[in-house]
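Presented below is the structure to which this report refers.
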Amino acid sequence: MPTRIPKPINPPPTHLVKARSEAPRPAPAVIPPATNTAAPNQATGTNTHQGTSAFSTPVAGAHHAQPPSHAVGFTQGAAPAMAPNKKDAPALNLDQASCLTHGISPEFVDSALRGRQLRSAYNRLGPEAKYSRPADKNGGGALAVYTRAVGTEQKAWPSKGLGVGSNDDKVQMILSPEVLTKPGHSWRASSTDNMGLVPGATKHDQSQLAKDGNPLQRTKPLWGKQSEASRNDNFNRTVAGTAPKEQNEQLHWQKVPLTNNLKGMVCTSQATFDKMMQLEGARPSGLKLPTGIAGLGSVPMGGQRIPVTLVDGKTSLVTALRASGIANSQGQVR
């Protein structure tokens, strides 16, 4: 379980934000409050691209009926405790973190919003599914939801994303990095794409596992290999500086809750934006478009309205988030 860090009585005097500390409120949203909610929809889709996120890529060949996408699904239980620290764990440098991104196919957005969470492949498909992708067999792919961290000064990070799940056919879900500090939220961090290998685990660790079978039973122990100090170090490196860290990953155990964490969505083609505006309850903003923004709207998620913006894929993500009101003036999504 993640180390509990007490909430400070006063705001921290430095730029480092301790886990579970309060962050400044963001600039007012440009999208009006919710007035309606969406109705059930069993939209489904397929995508066979190797290495795409566990949520947006169905695993072929399941041996059982797939539960509804908004259901509880197959539980993974609690994540293993992290490895002991060899040094004091640094605070997460959330001030330099703009957001977490998750590239998702448009046809899966509706079910994610209804369930108000992103879910791992195992949580959706269970122990009897045929996990054929190497990344799913390696311990992270099947058991995790992947996000990528973007630094506030990393202006070269394009709106369409970097790495897996980053093209004009995807929608970039934009999450507040404060989700990492929520009680009970288990996650691991790496600086490069490990092809499903859990951070902290080695290829030798992987070679000792059974080759096939229930991925939860096979690979869960690998989640106990990374220490909190190593995880926080890795995260802080990925958001530091001005150069984007391509393929940096955060692995979230079983799910990512979207309520109060999903702050917006970015589309980089008219087609994907139009699909978002076709969701029940979606509506254009009716506001004058800011410079560099090609479209604005919102979609319902429970009692929230989630802003959706359309920009050119080469536009800086941080710049686009600021212009559309999803991020504050410092480029922070909160």
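The values are calculated or read from the model by the stated rules, or taken from the named source; none is laboratory data. On a predicted model such as this, the values are computed, not experimentally measured, just so you know. Neighbour counts are summed over all protein chains in view; Cβ atoms, including those assigned to glycine, are modelled from backbone coordinates with ideal geometry. What goes into the accessible areas is simple: the full protein's heavy atoms, side chains included, and nothing from ligands, DNA or RNA. Shrake-Rupley method; radii C 1.70, N 1.55, O 1.52, S 1.80 Å.
Quick one: in the stretch 238-249, which of the residues that are touching a helix residue (DSSP H, G or I) at 6+ places or on another chain (Cβ under 7 Å) and of a type outside the set (A, V, I, L, M) is most open to solvent (accessible area, probe 1.4 Å)?
Initial filter on the stretch 238-249 (touching a helix residue (DSSP H, G or I) at 6+ places or on another chain (Cβ under 7 Å)): 239-240, 245, 248.
Add one more test, that the residue is of a type outside the set (A, V, I, L, M), and what stays is 245, 248.
Working: K245: 61, N248: 0 Å².
Restricting to residues being touching a helix residue (DSSP H, G or I) at 6+ places or on another chain (Cβ under 7 Å) and of a type outside the set (A, V, I, L, M), the top hit is K245.
Quick one: which of N194, N234 is over 26 Å from L125 (Cα atoms) and more than 15 Å from the chain's Cα centre (by Cα)? Full working, then the answer.
Working: N194 fails: over 26 Å from L125 (Cα atoms).
Of the residues listed, the single one that is over 26 Å from L125 (Cα atoms) and more than 15 Å from the chain's Cα centre (by Cα) is N234.
Within the stretch 272-292, which residues are farther than 24 Å from A156 by Cβ and in contact (Cβ under 8 Å) with a residue 12 or more places away in the chain?
If the condition is that a residue be farther than 24 Å from A156 by Cβ and in contact (Cβ under 8 Å) with a residue 12 or more places away in the chain, then K275, M276, M277, L279, E280, G281, A282, R283, P284, S285, L287 are the ones that fit.
Being under 29 Å from R334 (Cβ atoms) and polar (S, T, N, Q) is the filter; apply it to the stretch 175-214 and report the residue that is surrounded by the most Cβ atoms within 10 Å (Cβ to Cβ).
In this case the residue turns out to be S176.
Which is in a loop (DSSP other than H, G, I, E, B) and of a type in the set (K, R), of R322, R237, R334, R305?
Exactly one of R322, R237, R334, R305 is in a loop (DSSP other than H, G, I, E, B) and of a type in the set (K, R), namely R334.
Only residues that are part of a loop (DSSP other than H, G, I, E, B), open to solvent by 10 Å² or more (accessible area, probe 1.4 Å) and either within 18 Å of V311 (Cα to Cα) or touching a Gly at 6+ places or on another chain (Cβ under 7 Å) (or both): list them for the stretch 130-151, please.
K130, S132, R133, N138
Could you list, in sequence order, all residues of the stretch 295-334 that are open to solvent by 50 Å² or more (accessible area, probe 1.4 Å) and either of a type outside the set (G, A, S) or in contact with a helix residue (DSSP H, G or I) (Cβ under 8 Å, 6 or more places away or on another chain) (or both)?
Result: D312, K314, T319, R322, S329, Q330.
Out of the residues in the stretch 152-190 meeting the condition of being part of a loop (DSSP other than H, G, I, E, B), out of contact with any helix residue (DSSP H, G or I) (no Cβ under 8 Å at 6 or more places or on another chain) and among the hydrophobic types (A, V, I, L, M, F, W, C), tell me which one is farthest from M301 (Cα to Cα).
Selected residue: A156.
With the requirement that a residue be assigned to a helix (DSSP H, G or I) and not hydroxyl-bearing (S, T, Y), what does the stretch 250-301 give you?
The answer is Q270, A271, F273, D274, K275, M276, M277.
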